[in-house]
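These notes are about the structure you will find just below.
The values are calculated or read from the model by the stated rules, or taken from the named source; none is laboratory data. Remember, predicted model here, so these are calculated numbers, not experimental data. Note that we place each Cβ from the backbone using ideal geometry, even for glycine, and neighbour counts take in every protein chain shown.
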Amino acid sequence: MKDLSGMFNEFMEAKPLFSNRKALTISFDPDNIPHRDKEIELVGRMLAPALKGGKPSNLFVYGKTGTGKTMVCRHVARELQRIAGDKINIRVIYVNCKMKQADTEYRLLAFLINSLGGSVPFTGLPTDKLYQDFFALIDKVDQTIILILDEIDSLIKKNGDEVLYILTRQNQEFKKAKLSMIGITNDLGFINKLDPRVRSSLGEEELIFPPYNAMQLQDILRERSKIGFENESVEQGVIEKCAAYAAQEHGDARRALDLLRVAGELAERTGVKQVETLHVDKAQEKIDEDRVIEIVKSQPRQSQLILFSIFNCSGTQRDLRQKTAYVQTADIINTYQGLCKHYRMKPLTQRRVSDLIAEYDLFGIITTKVISKGRYGRTRTVELNLDEDIKQKVEVALREIFN
DNA sequence: GTCAATTCACATGAAAGAGACCACGGTCTAGTG
DNA sequence: CTAGACCGTGGTCTCTTTCATGTGAATTGACGA
């Protein structure tokens, strides 16, 4: 007990490193957005007609993760609303299509209706009823609605582009209201996958966000750490290091901020007065680890069992010319079926297992490659894509699940 | 030796089913005045 | 008379199965030099 109270005392006495931890997260909206002046202006121009009661063009925004797309769009939209004030009726609805509440056609509409003050149950109604409700709700008042659809690609991938088609088309039917959309995506090839009709109406304007370079990331981090950290609590070189790491990952500002924040948390936990560069390294490791463990734990049971099979699968060396043994689909399925018997679970079909394996590839936990071995068929080779210590932790987590 | 056909072992696609969840409207039932 | 319980119907959503089609190169076998 003595130790614990000592620890608490120490904790209370230690000077906090953070002054505003929130400033170091992506959800924070800073007043000052460095290196995005041009983009802010362009988005602003696009939306400006709304102030004169016109319909702003639909806009498509591209850019990799952490390039400030979402932040800029929300920022501009908010400013627009502020300037419009009470005189002009502008409403901005921001939806992240990856969120559970909006990742299907039905749920997206339900979300929109709810955020406009209507109320619909989150399941149970036919979809076209929702469309009717939604459009009626919009057209009730003379207003301009700006709909920001973030991560729009995941919506389309799951549900097809029909939603967008209906939404864009509907504008002609409105008597009073106007609806314009901003689609945000990090998939550059996304627009080509769309139905041409949707493409032309939705992609009236396009804007590409370039990635930040290391120097720009540094500016961003300095700006944020001024708000987020107490004075002098960040050692020289820490910001540079975070920026450098994040710049390697295609200039991802989100990553840079995560690094800095987690490094700060680690430093605080160890009770030192300053965030040091070694904390950044630790943060880098911890972020990866947390992400992987999080994914593994949130997977359904069957899927976890398949990953467990991959871990338990030694692979066979069936081709003598191939020096290293590799694991392929058949091995995994064999091991998996064995494990199923052991745990009394009903094994899934090969088709399904194949999909689940591909899913782990998407998460980046494994690397797979489809190879053809000529006469001996075609298969997918699977390799774990984890550092040794993360790998061990995942294995421990899996064993806990299936002990 | 060359070249096209064959063949393997899956990958990949599309469609449809199972089962969970939910809303809505109609009917039944028990409690109340 | 009325509120609440209880159905049946019709809808979405996720996970899965079923059936069908695609695929890339090693191997095979015919062919000609």
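Miscellaneous remarks
- Residue pairs meeting the criteria (Cβ under 7 Å; at least 6 apart or on separate chains; first closer than 16 Å to A:GLU151 by Cα, in region A:178-200; second assigned to a loop (DSSP other than H, G, I, E, B) and not β-branched (Val, Ile, Thr)): A:MET181/A:ASN58; A:ILE184/A:GLU151; A:THR185/A:GLU151; A:ASN186/A:LYS64; A:ILE191/A:GLY203; A:LEU194/A:ASP161
- Considering A:VAL76, A:VAL120, the condition of being more than 20 Å from A:LEU164 (Cα to Cα) and within 16 Å of DNA strand C (Cβ to nearest atom) is satisfied by A:VAL120 alone.
- Residue count for region A:365-403 satisfying the condition of being under 21 Å from A:ALA330 (Cα atoms) and either in contact (Cβ under 8 Å) with a residue 24 or more places away in the chain or not in a strand (DSSP E or B) (or both): 14.
- Checklist (1) more than 12 Å from A:ILE182 (Cβ to Cβ); (2) in contact with a Cys (Cβ under 7 Å, 6 or more places away or on another chain) applied to A:VAL61, failing item: (1)
- On the stretch given as region A:303-334, residues that are more than 13 Å from DNA strand B (Cβ to nearest atom) and at pLDDT 90 or above total 6.
- If you check A:ASP142, A:ASP103, A:ASP150, A:ASP161 for being closer than 27 Å to A:ARG36 by Cα and acidic (Asp, Glu), only one passes: A:ASP150.
- Residues considered: A:SER57, A:SER27. Of these, the only one that is hydroxyl-bearing (Ser, Thr, Tyr) and not assigned by TED's automatic domain parsing to the domain that holds A:ASP187 is A:SER27.
- Only one entry in A:GLY251, A:GLY237 is of a type outside the set (Val, Ile, Thr) and either touching a Leu at 6+ places or on another chain (Cβ under 6 Å) or closer than 18 Å to A:HIS35 by Cβ (or both), namely A:GLY251.
- Filtering region A:266-280 to residues that are free of Cβ contacts under 8 Å to residues at least 12 places away in the same chain and either under 19 Å from the mean Cα position of the chain (by Cα) or outside any loop (DSSP other than H, G, I, E, B) (or both) leaves A:ARG269, A:THR270, A:LEU278.
- Residues in region A:336-356 that are away from DNA strand B (no atom under 13 Å from the Cβ) and not in a loop (DSSP other than H, G, I, E, B): A:GLY338, A:LEU339, A:CYS340, A:LYS341, A:HIS342, A:TYR343.
- Only one entry of A:GLU240, A:GLU289 meets the criterion of being in a helix (DSSP H, G or I), touching a residue at least 60 places away in the same chain (Cβ under 8 Å) and not assigned by TED's automatic domain parsing to the domain that holds A:ASN171, and that entry is A:GLU289.
- A:TYR94 vs. criteria away from DNA strand B (no atom under 16 Å from the Cβ), among the hydroxyl-bearing types (Ser, Thr, Tyr) and either outside any helix (DSSP H, G or I) or modelled with pLDDT under 80 (or both): yes
- Residue check for A:ALA84: within 11 Å of DNA strand C (Cβ to nearest atom), out of contact with any Asp or Glu (no Cβ under 8 Å at 6 or more places or on another chain), over 16 Å from A:MET181 (Cβ atoms) and of a type in the set (A, V, I, L, M): no
- Scanning region A:97-127 for residues that are among the charged types (D, E, K, R) and either part of a strand (DSSP E or B) or more than 14 Å from DNA strand B (Cβ to nearest atom) (or both) gives A:LYS98, A:ASP103, A:GLU105.
- Filtering region A:87-113 to residues that are among the hydroxyl-bearing types (Ser, Thr, Tyr) and under 21 Å from A:LYS129 (Cα atoms) leaves A:THR104, A:TYR106.
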